[in-house]
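*Asks:* I have a structure I would like to understand better, so I am pasting it below and will then ask my questions one at a time.
The values are calculated or read from the model by the stated rules, or taken from the named source; none is laboratory data. Since this is a predicted model, take the numbers as computed values, not measurements. A quick note on method: Cβ atoms are made from the backbone with ideal geometry, for glycine too, and the neighbour counts reach across all protein chains shown. Heavy atoms of the whole protein, side chains included, go into the accessibility calculation; ligands, DNA and RNA do not. Shrake-Rupley method; radii C 1.70, N 1.55, O 1.52, S 1.80 Å.
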Amino acid sequence: MTVTRFAPSPTGFLHVGNLRTALFNWMIARKAGGTFILRLDDTDPQRSKQEYADGIMEDLEWLGLTWDRVERQSDRLDRYAEAADKLREMGRFYECFETPTELDLKRKKQLNMGKPPVYDRAALALSEDAKVALRADRSGHWRFLLDRERIEWDDGILGDISIDAASVSDPVLIRGDGQVLYTLASVVDDVEMGITNVVRGADHVTNTATQIQIILALGGGLPAFAHHSLLTGPQGEALSKRFGTLALRDLRERGVEPMALLSLMARLGSSDPVEVRTSHQELIDGFEVNHFGSAPTKFDSEDLFPLTARFLHSLPLEAVADQLAGIGVPAEQAERFWSVVRENITTRGDIAGWWGVLSNGAEALVDPEDAEFIATAIGMLPDLPFDDSTWGTWTNAVKAATGRKGRGLFMPLRKALTGRERGPEMADFMPLMQAKPRL
Ligand code: GLU
(Lines give C-alpha, C1' and ligand atoms only; values in the text may rest on other atoms or scores of the structure.)
Protein backbone atom coordinates (compact mmCIF):
# COMPACT_ATOMS: atom_id res chain seq x y z
CA MET A 1 0.00 0.00 0.00
CA THR A 2 1.34 3.39 -1.02
CA VAL A 3 1.73 5.88 1.83
CA THR A 4 3.09 9.38 1.29
CA ARG A 5 3.35 12.43 3.46
CA PHE A 6 3.63 16.16 3.13
CA ALA A 7 5.68 17.44 6.05
CA PRO A 8 5.71 21.22 6.36
CA SER A 9 7.00 22.97 9.45
CA PRO A 10 4.25 25.23 10.78
CA THR A 11 6.64 28.17 10.93
CA GLY A 12 5.11 30.10 8.04
CA PHE A 13 2.45 29.95 5.35
CA LEU A 14 2.71 27.68 2.31
CA HIS A 15 4.24 29.10 -0.85
CA VAL A 16 4.54 27.79 -4.40
CA GLY A 17 7.73 25.91 -3.55
CA ASN A 18 6.00 23.90 -0.81
CA LEU A 19 3.02 23.36 -3.04
CA ARG A 20 5.07 21.38 -5.51
CA THR A 21 6.13 18.99 -2.76
CA ALA A 22 2.59 18.69 -1.39
CA LEU A 23 1.06 18.13 -4.80
CA PHE A 24 3.53 15.46 -5.94
CA ASN A 25 3.11 13.45 -2.76
CA TRP A 26 -0.66 13.86 -2.89
CA MET A 27 -0.84 12.74 -6.52
CA ILE A 28 1.33 9.68 -5.89
CA ALA A 29 -0.94 8.58 -3.04
CA ARG A 30 -4.18 9.28 -4.88
CA LYS A 31 -3.02 7.63 -8.09
CA ALA A 32 -2.21 4.44 -6.19
CA GLY A 33 -5.35 4.57 -4.06
CA GLY A 34 -3.05 4.93 -1.05
CA THR A 35 -2.82 7.16 2.00
CA PHE A 36 -1.69 10.76 2.15
CA ILE A 37 -0.57 12.02 5.55
CA LEU A 38 -0.27 15.65 6.50
CA ARG A 39 2.60 15.68 8.96
CA LEU A 40 3.36 18.83 10.89
CA ASP A 41 7.09 19.00 11.59
CA ASP A 42 6.62 21.01 14.76
CA THR A 43 9.48 19.94 17.01
CA ASP A 44 10.67 23.54 17.27
CA PRO A 45 8.41 24.99 19.98
CA GLN A 46 9.71 28.55 19.49
CA ARG A 47 8.99 28.82 15.80
CA SER A 48 5.98 26.52 15.36
CA LYS A 49 2.64 28.32 15.61
CA GLN A 50 -0.94 27.05 15.59
CA GLU A 51 -1.82 29.96 13.33
CA TYR A 52 0.49 28.55 10.65
CA ALA A 53 -0.77 24.98 11.13
CA ASP A 54 -4.31 26.29 10.57
CA GLY A 55 -3.13 28.32 7.60
CA ILE A 56 -1.48 25.30 5.99
CA MET A 57 -4.68 23.27 6.29
CA GLU A 58 -6.76 26.14 4.96
CA ASP A 59 -4.51 26.46 1.90
CA LEU A 60 -4.55 22.72 1.19
CA GLU A 61 -8.35 22.70 1.55
CA TRP A 62 -8.64 25.61 -0.85
CA LEU A 63 -6.72 23.51 -3.39
CA GLY A 64 -8.73 20.37 -2.67
CA LEU A 65 -5.59 18.46 -1.61
CA THR A 66 -7.28 16.33 1.02
CA TRP A 67 -5.33 14.34 3.58
CA ASP A 68 -6.27 11.07 5.25
CA ARG A 69 -4.86 12.01 8.63
CA VAL A 70 -2.77 14.59 10.42
CA GLU A 71 0.28 13.69 12.49
CA ARG A 72 2.10 16.12 14.73
CA GLN A 73 5.70 15.49 15.67
CA SER A 74 5.19 17.26 18.99
CA ASP A 75 2.85 14.38 19.95
CA ARG A 76 5.51 11.80 19.26
CA LEU A 77 8.50 12.93 21.31
CA ASP A 78 8.54 9.66 23.28
CA ARG A 79 8.99 7.74 20.02
CA TYR A 80 12.03 9.84 19.14
CA ALA A 81 13.51 9.35 22.62
CA GLU A 82 13.12 5.60 22.21
CA ALA A 83 14.86 5.66 18.82
CA ALA A 84 17.65 7.77 20.31
CA ASP A 85 18.15 5.16 23.05
CA LYS A 86 18.30 2.44 20.46
CA LEU A 87 20.98 4.28 18.49
CA ARG A 88 22.89 4.95 21.71
CA GLU A 89 22.87 1.26 22.61
CA MET A 90 24.18 0.41 19.17
CA GLY A 91 27.06 2.84 19.54
CA ARG A 92 25.78 4.96 16.65
CA PHE A 93 24.96 8.00 18.77
CA TYR A 94 27.56 10.13 20.54
CA GLU A 95 27.56 13.17 22.72
CA CYS A 96 29.43 16.29 21.61
CA PHE A 97 30.17 19.52 23.45
CA GLU A 98 31.55 21.98 20.91
CA THR A 99 29.92 25.39 20.99
CA PRO A 100 28.72 26.92 17.70
CA THR A 101 31.75 29.23 17.81
CA GLU A 102 34.17 26.31 18.22
CA LEU A 103 32.51 24.46 15.34
CA ASP A 104 32.72 27.53 13.18
CA LEU A 105 36.42 27.87 13.92
CA LYS A 106 37.04 24.24 13.03
CA ARG A 107 35.19 24.69 9.74
CA LYS A 108 37.21 27.78 8.86
CA LYS A 109 40.48 26.01 9.59
CA GLN A 110 39.47 23.08 7.40
CA LEU A 111 38.46 25.37 4.56
CA ASN A 112 41.74 27.28 4.86
CA MET A 113 43.62 24.03 4.48
CA GLY A 114 41.51 23.18 1.43
CA LYS A 115 39.67 20.42 3.25
CA PRO A 116 35.91 19.83 3.23
CA PRO A 117 34.30 21.23 6.41
CA VAL A 118 33.31 17.86 7.85
CA TYR A 119 32.99 17.44 11.62
CA ASP A 120 36.25 15.87 12.88
CA ARG A 121 34.62 13.55 15.45
CA ALA A 122 36.82 14.97 18.21
CA ALA A 123 34.08 14.15 20.75
CA LEU A 124 34.54 10.41 20.11
CA ALA A 125 37.93 10.65 21.83
CA LEU A 126 36.56 12.22 25.04
CA SER A 127 37.02 10.11 28.15
CA GLU A 128 34.10 9.59 30.55
CA ASP A 129 35.77 11.92 33.03
CA ALA A 130 36.18 14.60 30.42
CA LYS A 131 32.51 14.32 29.50
CA VAL A 132 31.44 14.58 33.13
CA ALA A 133 33.52 17.71 33.48
CA LEU A 134 32.08 19.22 30.28
CA ARG A 135 28.50 18.40 31.31
CA ALA A 136 28.98 20.49 34.45
CA ASP A 137 29.53 23.44 32.16
CA ARG A 138 27.10 22.87 29.27
CA SER A 139 24.71 20.26 27.94
CA GLY A 140 25.86 18.06 25.12
CA HIS A 141 24.27 17.59 21.72
CA TRP A 142 24.04 14.23 20.00
CA ARG A 143 25.34 13.15 16.64
CA PHE A 144 24.68 10.04 14.59
CA LEU A 145 27.86 8.18 13.69
CA LEU A 146 27.81 7.70 9.93
CA ASP A 147 29.40 4.67 8.34
CA ARG A 148 31.99 6.22 6.07
CA GLU A 149 31.02 4.43 2.91
CA ARG A 150 29.16 5.42 -0.25
CA ILE A 151 25.41 5.84 0.10
CA GLU A 152 23.52 5.06 -3.08
CA TRP A 153 19.95 5.14 -4.24
CA ASP A 154 17.96 5.24 -7.44
CA ASP A 155 16.19 8.59 -7.28
CA GLY A 156 12.80 8.84 -8.97
CA ILE A 157 13.80 12.13 -10.61
CA LEU A 158 17.59 12.46 -10.35
CA GLY A 159 18.43 8.88 -11.30
CA ASP A 160 21.40 7.07 -9.71
CA ILE A 161 22.79 9.02 -6.78
CA SER A 162 25.97 8.16 -4.94
CA ILE A 163 27.19 10.22 -1.99
CA ASP A 164 30.37 9.57 -0.05
CA ALA A 165 29.37 9.62 3.62
CA ALA A 166 32.94 10.69 4.47
CA SER A 167 32.16 14.05 2.85
CA VAL A 168 29.23 14.65 5.19
CA SER A 169 29.32 15.63 8.88
CA ASP A 170 27.73 13.26 11.36
CA PRO A 171 24.28 14.84 11.66
CA VAL A 172 23.20 16.37 14.96
CA LEU A 173 19.92 14.68 15.91
CA ILE A 174 19.34 16.14 19.36
CA ARG A 175 20.35 19.65 20.38
CA GLY A 176 21.98 20.66 23.64
CA ASP A 177 18.63 21.90 24.96
CA GLY A 178 17.11 18.49 24.24
CA GLN A 179 15.17 19.54 21.13
CA VAL A 180 14.82 16.66 18.68
CA LEU A 181 15.85 17.79 15.23
CA TYR A 182 14.10 17.17 11.94
CA THR A 183 16.38 14.38 10.75
CA LEU A 184 15.67 12.05 13.67
CA ALA A 185 11.96 12.87 13.90
CA SER A 186 11.49 12.52 10.17
CA VAL A 187 13.24 9.17 9.98
CA VAL A 188 11.34 7.70 12.94
CA ASP A 189 8.04 8.88 11.46
CA ASP A 190 8.81 7.65 7.96
CA VAL A 191 9.67 4.20 9.33
CA GLU A 192 6.80 3.91 11.84
CA MET A 193 4.19 5.34 9.50
CA GLY A 194 5.20 2.97 6.73
CA ILE A 195 5.97 5.76 4.26
CA THR A 196 6.63 4.16 0.87
CA ASN A 197 7.46 7.24 -1.24
CA VAL A 198 9.18 10.46 -0.27
CA VAL A 199 9.24 13.35 -2.69
CA ARG A 200 10.91 16.55 -1.56
CA GLY A 201 13.08 19.35 -2.87
CA ALA A 202 16.59 18.83 -4.22
CA ASP A 203 17.88 20.80 -1.20
CA HIS A 204 17.26 17.60 0.79
CA VAL A 205 19.54 15.28 -1.22
CA THR A 206 22.32 15.22 1.40
CA ASN A 207 19.76 14.77 4.17
CA THR A 208 18.46 11.76 2.32
CA ALA A 209 21.91 10.19 2.28
CA THR A 210 22.24 10.44 6.05
CA GLN A 211 18.61 9.46 6.60
CA ILE A 212 19.16 6.25 4.65
CA GLN A 213 21.86 5.20 7.11
CA ILE A 214 19.71 6.09 10.12
CA ILE A 215 16.68 4.22 8.74
CA LEU A 216 18.80 1.14 8.16
CA ALA A 217 20.35 1.42 11.64
CA LEU A 218 16.85 1.51 13.12
CA GLY A 219 15.93 -1.59 11.12
CA GLY A 220 13.43 0.21 8.89
CA GLY A 221 12.69 -0.31 5.19
CA LEU A 222 13.69 2.39 2.74
CA PRO A 223 11.02 4.39 0.93
CA ALA A 224 11.46 5.30 -2.74
CA PHE A 225 13.03 8.77 -2.86
CA ALA A 226 12.56 11.46 -5.50
CA HIS A 227 13.94 14.99 -5.30
CA HIS A 228 12.29 17.61 -7.44
CA SER A 229 14.28 20.57 -8.70
CA LEU A 230 13.94 23.91 -6.99
CA LEU A 231 11.91 26.72 -8.50
CA THR A 232 13.59 29.84 -9.84
CA GLY A 233 12.13 33.14 -10.98
CA PRO A 234 11.53 33.86 -14.69
CA GLN A 235 15.17 34.96 -15.16
CA GLY A 236 16.56 31.94 -13.36
CA GLU A 237 17.06 33.89 -10.12
CA ALA A 238 16.68 32.04 -6.82
CA LEU A 239 13.08 32.18 -5.75
CA SER A 240 13.52 31.28 -2.12
CA LYS A 241 13.96 34.90 -1.07
CA ARG A 242 10.76 35.89 -2.82
CA PHE A 243 8.64 33.09 -1.38
CA GLY A 244 7.28 35.67 1.04
CA THR A 245 5.40 37.22 -1.87
CA LEU A 246 4.43 33.89 -3.39
CA ALA A 247 2.40 32.58 -0.50
CA LEU A 248 -0.59 30.56 -1.64
CA ARG A 249 -2.89 32.87 0.28
CA ASP A 250 -1.57 35.88 -1.64
CA LEU A 251 -2.18 34.14 -4.95
CA ARG A 252 -5.71 33.32 -3.76
CA GLU A 253 -6.20 37.01 -2.83
CA ARG A 254 -5.10 37.98 -6.32
CA GLY A 255 -7.83 35.83 -7.84
CA VAL A 256 -5.80 32.81 -8.97
CA GLU A 257 -8.08 29.78 -9.35
CA PRO A 258 -7.02 26.61 -7.52
CA MET A 259 -7.30 24.49 -10.66
CA ALA A 260 -5.13 26.95 -12.60
CA LEU A 261 -2.44 26.80 -9.94
CA LEU A 262 -2.61 23.01 -9.70
CA SER A 263 -2.62 22.59 -13.48
CA LEU A 264 0.62 24.56 -13.72
CA MET A 265 2.40 23.06 -10.74
CA ALA A 266 1.47 19.47 -11.57
CA ARG A 267 3.31 19.62 -14.90
CA LEU A 268 5.79 22.53 -14.81
CA GLY A 269 9.32 21.19 -15.20
CA SER A 270 8.17 17.91 -16.74
CA SER A 271 8.09 16.65 -20.31
CA ASP A 272 4.28 16.86 -20.25
CA PRO A 273 2.48 19.98 -21.49
CA VAL A 274 0.80 22.40 -19.09
CA GLU A 275 -2.89 22.40 -19.92
CA VAL A 276 -5.79 23.69 -17.91
CA ARG A 277 -7.43 20.74 -16.20
CA THR A 278 -10.85 21.04 -14.72
CA SER A 279 -10.67 18.15 -12.28
CA HIS A 280 -8.19 16.73 -9.81
CA GLN A 281 -8.59 13.34 -11.46
CA GLU A 282 -7.13 14.67 -14.72
CA LEU A 283 -4.09 15.94 -12.83
CA ILE A 284 -3.60 12.57 -11.20
CA ASP A 285 -4.14 10.49 -14.35
CA GLY A 286 -1.39 12.17 -16.35
CA PHE A 287 1.14 12.47 -13.53
CA GLU A 288 4.43 10.53 -13.65
CA VAL A 289 7.14 11.61 -11.27
CA ASN A 290 9.88 10.35 -13.58
CA HIS A 291 8.76 12.76 -16.33
CA PHE A 292 10.25 15.62 -14.29
CA GLY A 293 13.72 16.93 -14.99
CA SER A 294 16.52 17.76 -12.61
CA ALA A 295 17.20 21.26 -13.97
CA PRO A 296 15.91 24.19 -11.91
CA THR A 297 12.34 25.00 -12.90
CA LYS A 298 11.39 28.52 -13.93
CA PHE A 299 8.23 29.85 -12.37
CA ASP A 300 6.45 33.10 -13.18
CA SER A 301 3.35 33.90 -11.15
CA GLU A 302 2.06 35.95 -14.10
CA ASP A 303 1.51 32.67 -15.98
CA LEU A 304 -1.23 31.88 -13.50
CA PHE A 305 -3.53 34.59 -14.81
CA PRO A 306 -4.01 33.38 -18.41
CA LEU A 307 -4.51 29.89 -16.95
CA THR A 308 -7.08 31.25 -14.51
CA ALA A 309 -8.85 33.03 -17.37
CA ARG A 310 -8.88 29.85 -19.47
CA PHE A 311 -10.21 27.86 -16.56
CA LEU A 312 -13.03 30.37 -15.99
CA HIS A 313 -13.94 30.37 -19.70
CA SER A 314 -14.56 26.67 -19.48
CA LEU A 315 -16.86 26.86 -16.45
CA PRO A 316 -20.52 26.00 -16.88
CA LEU A 317 -23.14 28.26 -15.34
CA GLU A 318 -23.73 25.91 -12.38
CA ALA A 319 -20.17 26.52 -11.22
CA VAL A 320 -20.72 30.26 -10.85
CA ALA A 321 -24.48 30.45 -10.25
CA ASP A 322 -24.11 31.20 -6.53
CA GLN A 323 -21.61 33.95 -7.15
CA LEU A 324 -23.84 35.51 -9.83
CA ALA A 325 -26.84 35.42 -7.50
CA GLY A 326 -24.64 36.99 -4.81
CA ILE A 327 -23.86 40.04 -6.93
CA GLY A 328 -27.52 40.45 -7.91
CA VAL A 329 -27.73 38.87 -11.38
CA PRO A 330 -31.40 37.76 -11.72
CA ALA A 331 -31.70 33.99 -12.25
CA GLU A 332 -33.46 34.40 -15.61
CA GLN A 333 -30.56 36.47 -16.96
CA ALA A 334 -27.76 34.41 -15.46
CA GLU A 335 -27.27 32.07 -18.41
CA ARG A 336 -27.01 34.85 -20.95
CA PHE A 337 -24.88 37.03 -18.67
CA TRP A 338 -22.38 34.23 -18.05
CA SER A 339 -22.08 33.28 -21.71
CA VAL A 340 -21.47 36.95 -22.57
CA VAL A 341 -18.90 37.80 -19.91
CA ARG A 342 -16.99 34.63 -19.19
CA GLU A 343 -14.53 35.13 -22.02
CA ASN A 344 -13.90 38.69 -20.93
CA ILE A 345 -12.66 38.13 -17.40
CA THR A 346 -9.27 37.17 -15.99
CA THR A 347 -10.40 36.39 -12.45
CA ARG A 348 -13.72 35.91 -10.71
CA GLY A 349 -13.26 39.37 -9.26
CA ASP A 350 -13.88 40.81 -12.74
CA ILE A 351 -17.42 39.42 -12.94
CA ALA A 352 -18.95 42.00 -10.63
CA GLY A 353 -17.46 44.82 -12.70
CA TRP A 354 -19.33 43.65 -15.79
CA TRP A 355 -22.56 43.31 -13.85
CA GLY A 356 -22.06 46.84 -12.53
CA VAL A 357 -21.71 48.15 -16.07
CA LEU A 358 -24.85 46.33 -17.20
CA SER A 359 -27.03 47.12 -14.23
CA ASN A 360 -26.01 50.73 -13.52
CA GLY A 361 -24.92 51.80 -16.97
CA ALA A 362 -21.30 52.35 -17.96
CA GLU A 363 -19.30 55.49 -17.36
CA ALA A 364 -18.94 56.15 -21.10
CA LEU A 365 -15.37 56.16 -22.40
CA VAL A 366 -15.29 58.90 -25.03
CA ASP A 367 -12.26 60.28 -26.87
CA PRO A 368 -12.47 64.08 -27.37
CA GLU A 369 -12.73 63.72 -31.17
CA ASP A 370 -15.74 61.42 -30.76
CA ALA A 371 -17.66 63.59 -28.28
CA GLU A 372 -20.13 65.01 -30.76
CA PHE A 373 -20.58 61.71 -32.57
CA ILE A 374 -21.33 59.87 -29.31
CA ALA A 375 -23.80 62.55 -28.16
CA THR A 376 -25.70 62.06 -31.43
CA ALA A 377 -25.52 58.26 -31.24
CA ILE A 378 -26.66 58.04 -27.62
CA GLY A 379 -29.52 60.38 -28.48
CA MET A 380 -30.61 57.82 -31.09
CA LEU A 381 -30.72 54.87 -28.67
CA PRO A 382 -34.18 53.33 -28.48
CA ASP A 383 -35.92 52.96 -25.12
CA LEU A 384 -34.95 50.05 -22.85
CA PRO A 385 -35.20 47.07 -22.82
CA PHE A 386 -32.96 46.27 -25.77
CA ASP A 387 -33.14 42.99 -27.68
CA ASP A 388 -31.02 40.86 -30.01
CA SER A 389 -31.59 43.17 -32.95
CA THR A 390 -30.95 46.50 -31.17
CA TRP A 391 -27.21 46.68 -31.93
CA GLY A 392 -27.74 46.04 -35.67
CA THR A 393 -30.66 48.42 -36.07
CA TRP A 394 -29.11 51.18 -33.98
CA THR A 395 -25.65 51.08 -35.59
CA ASN A 396 -27.25 51.16 -39.06
CA ALA A 397 -29.22 54.23 -38.11
CA VAL A 398 -26.15 55.92 -36.59
CA LYS A 399 -24.15 55.09 -39.71
CA ALA A 400 -26.79 56.67 -41.95
CA ALA A 401 -27.02 59.76 -39.77
CA THR A 402 -23.28 60.39 -39.31
CA GLY A 403 -21.61 58.79 -42.31
CA ARG A 404 -19.22 56.85 -40.05
CA LYS A 405 -18.46 53.24 -40.80
CA GLY A 406 -16.28 50.25 -39.83
CA ARG A 407 -13.96 50.67 -36.84
CA GLY A 408 -14.59 54.42 -36.67
CA LEU A 409 -18.25 53.64 -36.11
CA PHE A 410 -18.15 50.56 -33.89
CA MET A 411 -15.19 51.23 -31.58
CA PRO A 412 -16.44 54.53 -30.12
CA LEU A 413 -19.90 53.00 -29.65
CA ARG A 414 -18.47 49.99 -27.81
CA LYS A 415 -16.37 52.26 -25.58
CA ALA A 416 -19.37 54.46 -24.80
CA LEU A 417 -21.71 51.57 -24.00
CA THR A 418 -19.28 49.45 -21.99
CA GLY A 419 -16.78 52.02 -20.69
CA ARG A 420 -14.01 49.68 -21.90
CA GLU A 421 -11.85 49.11 -24.95
CA ARG A 422 -12.58 45.41 -25.19
CA GLY A 423 -15.41 43.15 -24.28
CA PRO A 424 -18.17 40.86 -25.45
CA GLU A 425 -20.03 40.85 -28.76
CA MET A 426 -22.14 44.00 -28.60
CA ALA A 427 -25.20 42.34 -30.15
CA ASP A 428 -25.19 39.90 -27.21
CA PHE A 429 -24.31 42.56 -24.67
CA MET A 430 -27.05 45.07 -25.42
CA PRO A 431 -30.04 42.90 -24.43
CA LEU A 432 -28.51 42.58 -20.96
CA MET A 433 -28.22 46.34 -20.43
CA GLN A 434 -30.50 47.66 -17.69
CA ALA A 435 -29.38 51.26 -18.02
CA LYS A 436 -28.01 53.56 -20.66
CA PRO A 437 -24.41 54.77 -20.35
CA ARG A 438 -23.59 57.93 -18.46
CA LEU A 439 -21.91 60.57 -20.58
N1 GLU B 1 9.84 19.85 7.30
C2 GLU B 1 10.72 19.51 6.22
C3 GLU B 1 10.76 20.64 5.23
O4 GLU B 1 9.76 21.36 5.11
C5 GLU B 1 10.27 18.24 5.57
C6 GLU B 1 11.18 17.69 4.55
C7 GLU B 1 10.79 16.27 4.19
O8 GLU B 1 9.90 16.13 3.36
O9 GLU B 1 11.35 15.34 4.74
O10 GLU B 1 11.74 20.88 4.58
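*Asks:* Say the cut-off is 23 Å between C-alpha atoms; which of Lys49/Lys298; Lys86/Lys131; Lys49/Lys86; Lys49/Lys241 go over it?
*Replies:* Details: Lys49/Lys298 31 Å; Lys86/Lys131 21 Å; Lys49/Lys86 31 Å; Lys49/Lys241 21 Å.
Distance filter (> 23 Å) returns Lys49/Lys298; Lys49/Lys86.
*Asks:* How many percent of all Cα-Cα pairs in the range 123-202 sit more than 19 Å apart? Spell out each step's value before the answer.
*Replies:* Details: 1818 of 3160 pairs.
Value for the range 123-202: 58 percent of Cα pairs lie more than 19 Å apart.
*Asks:* Ok, one more. Counting each DSSP H run of 4 or more residues in the chain as -39500 (n - 2.57), what helix-only mean residue ellipticity at 222 nm follows after dividing by all residues, to the nearest 500 deg cm²/dmol?
*Replies:* It comes out at -13000 deg cm²/dmol, rounded to the nearest 500.
*Asks:* How many angstrom separate the Cα center of the range 305-337 from the Cα center of the range 194-218?
*Replies:* If you average the Cα positions of each part, the centres end up 46 Å apart.
*Asks:* Accessible area per residue of the chain at 1.4 Å probe, in Å²? Let's see the in-between values first.
*Replies:* Values: 20420 Å² over 439 residues.
About 47 Å² of surface per residue is accessible.
*Asks:* Evaluate the distance, in nm, between pseudo-label points positioned 7 Å from the Cα of Ser127 and of Gln434 along their respective Cα→Cβ axes.
*Replies:* 9.2 nm
*Asks:* Sum up the charges of everything whose Cβ sits under 13 Å from the Cβ of Phe36, counting Lys and Arg as +1 and Asp and Glu as -1, but leave Phe36 out. Present the calculation step by step, with values, prior to reporting the outcome.
*Replies:* On the way: positive: Arg5, Arg30, Lys31, Arg39, Arg69; negative: Asp68, Glu71.
Value of the local net charge: +3.
*Asks:* Using 0.36 nm times the number of residues separating Asp250 and Met1, minus their current alpha carbon distance, what extension gain do you get? Could you put the intermediate results ahead of the total?
*Replies:* Working: separation 249, 0.36 × 249 = 89.64 nm, distance 3.59 nm.
86.0 nm is the gain from fully extending Asp250 to Met1.
*Asks:* Rank-order 98-107, 138-147, 369-378 by packing density, defined as the average count of other C-beta atoms within 10 Å over each peptide's residues, highest first. Could the numbers behind the result be given before it?
*Replies:* Working: 98-107: 12.9, 138-147: 17.9, 369-378: 15.9.
Descending packing order for the listed peptides: 138-147, 369-378, 98-107.
*Asks:* What full-extension length gain, to one decimal in nm, is calculated for Met113 and Leu315 as 0.36 nm per residue of separation minus the Cα-Cα distance?
*Replies:* Numbers: separation 202, 0.36 × 202 = 72.72 nm, distance 6.41 nm.
Full extension of this stretch gives 66.3 nm more.
*Asks:* Follow-up question, since we're still on this one. Check the straight Cα-Cα distances from Lys405 and name the aspartates and glutamates below 18 Å, setting aside those fewer than 8 residues away within the same chain.
*Replies:* Asp367, Glu369, Asp370, Glu372, Glu421, Glu425
*Asks:* With each pseudo-label sitting 7 Å past Cα toward Cβ, what's the Lys86-Arg135 distance in nm, one decimal?
*Replies:* It is 2.4 nm.
*Asks:* Among rounded, prolate and oblate, which fits the range 132-280 when a ≥ b ≥ c are the square roots of the eigenvalues of its C-alpha gyration tensor, a/c under 1.5 means rounded, and a/b larger than b/c means prolate? Numbers along the way, then the final one.
*Replies:* On the way: a/c = 2.33, a/b = 1.73, b/c = 1.35.
Prolate is the answer for the range 132-280, as a/c is 1.5 or above and a/b outweighs b/c.
*Asks:* Hey, another quick one. Which of rounded, prolate, oblate describes the range 171-233, given a ≥ b ≥ c as roots of the alpha-carbon gyration tensor eigenvalues and a/c under 1.5 marking rounded, otherwise prolate only if a/b is larger than b/c?
*Replies:* On the way: a/c = 2.18, a/b = 1.24, b/c = 1.76.
Note, shape of the range 171-233 comes out oblate.
*Asks:* Explain nothing, just the number: dipole magnitude of the range 281-354 about its Cα centre with +1 on each Lys and Arg Cβ and -1 on each Asp and Glu Cβ, in debye rounded to the nearest 20. Could you put the intermediate results ahead of the total?
*Replies:* On the way: 5 positive and 12 negative charges, 37 e Å.
Computed about the Cα centre, the dipole is about 180 debye.
*Asks:* At a Förster radius of 41 Å, what calculated FRET efficiency corresponds to the Cβ-Cβ distance of Phe410 and Gln235, to the nearest 0.05?
*Replies:* Working: r = 41 Å, r/R0 = 1.00.
Efficiency, from the Cβ-Cβ distance: 0.50.
*Asks:* Next up: For labels at Glu332 and Asp383 in the simple 7 Å Cα→Cβ model, what's the distance in nm?
*Replies:* 1.9 nm
*Asks:* Of the beta bridges DSSP finds with both residues in the chain, what % are antiparallel, to the nearest 5? Walk me through the intermediate numbers first.
*Replies:* Details: 16 of 33 bridges.
Bridges in the chain are about 50 percent antiparallel.
*Asks:* Where does each of 179-185, 220-226 land if you order them by average Cβ count within 10 Å, highest first? Before the final figure, lay out each step's value.
*Replies:* Details: 179-185: 20.0, 220-226: 18.4.
Taking the mean over residues of other Cβ atoms within 10 Å, the ranking is 179-185, 220-226.
*Asks:* At 1.567 mPa s and 4 °C, plugging the Kirkwood radius over alpha-carbon pairs of the chain into Stokes-Einstein gives what diffusion coefficient in µm²/s? Don't skip to the end; give the middle numbers.
*Replies:* On the way: Rh = 26.3 Å.
The calculation lands on 49 µm²/s.
*Asks:* Please work out the FRET efficiency for the pair Thr346 and Glu192, using the Cβ-Cβ distance as r and a Förster radius of 45 Å; give the result to the nearest 0.05. Don't skip to the end; give the middle numbers.
*Replies:* Values: r = 47 Å, r/R0 = 1.04.
For R0 = 45 Å, the calculated efficiency reads 0.45.
*Asks:* Relative contact order for the chain: what percent, with Cα pairs under 8 Å and sequence separation of 6 or more?
*Replies:* Details: 646 pairs, mean separation 57.8, N = 439.
Over the chain, the number comes to 13 percent.
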